[in-house]
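Contents: one structure, followed by commentary.
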Amino acid sequence: MIFSIDRTTLLRSLNHVQSVVERKNTIPILANVKIIVADGALSLCTTDMDLEINESVAATVTEEG
């Protein structure tokens, strides 16, 4: 996965999706952000098993992943 994106755009999206992640999880995998780069977009996904947030932002994609 190789991509380029403006730093402020990435931070704004990360701050938005991390709001659903609790600080102290009993299941460690829920403290992570899933990142997918495809079709000229960066997709971020988080969940706490009750609520899921997906956000996509435009990015310059060199290699999908």
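At q = 0.15 Å⁻¹, what base-10 log of I(q)/I(0) does the Debye formula yield for the range 2-63 when every alpha carbon is treated as an equal point scatterer in vacuo?
One equal scatterer on each Cα of the range 2-63 leads to -0.46.
Of Gly40, Val20, Val57, which is farthest on the positive side of the dipole of the range 2-63, counting Cα position, with +1 on Lys and Arg Cβ, -1 on Asp and Glu Cβ, and the Cα centre as origin?
Of the candidates, Val20 comes out farthest on the positive side.
For the chain, what does -39500 (n - 2.57) per DSSP helix run (n ≥ 4), summed and divided by total residues, give at 222 nm, in deg cm²/dmol to the nearest 500?
Counting only the DSSP helices, I get -5500 deg cm²/dmol.
In the neighborhood of Ile36, defined by Cβ-to-Cβ distances under 13 Å, what is the net charge if each Lys or Arg adds +1 and each Asp or Glu adds -1?
In short, -3.
Is there a quick way to get the dipole size of the chain? I mean about its Cα centre, with the Cβ of Lys and Arg at +1 and of Asp and Glu at -1; what is the value in debye to the nearest 20?
Dipole size: approximately 300 debye.
If contacts are Cα pairs under 8 angstrom and at least 6 residues apart, what is the relative contact order of the chain in percent?
So the answer I get is 41 percent.
Coordinate-derived values only; no laboratory data. Small disclaimer: the values here were computed from a predicted structure and weren't measured. All Cβ positions, glycine included, derive from the backbone under ideal geometry; neighbour counts span all protein chains shown.
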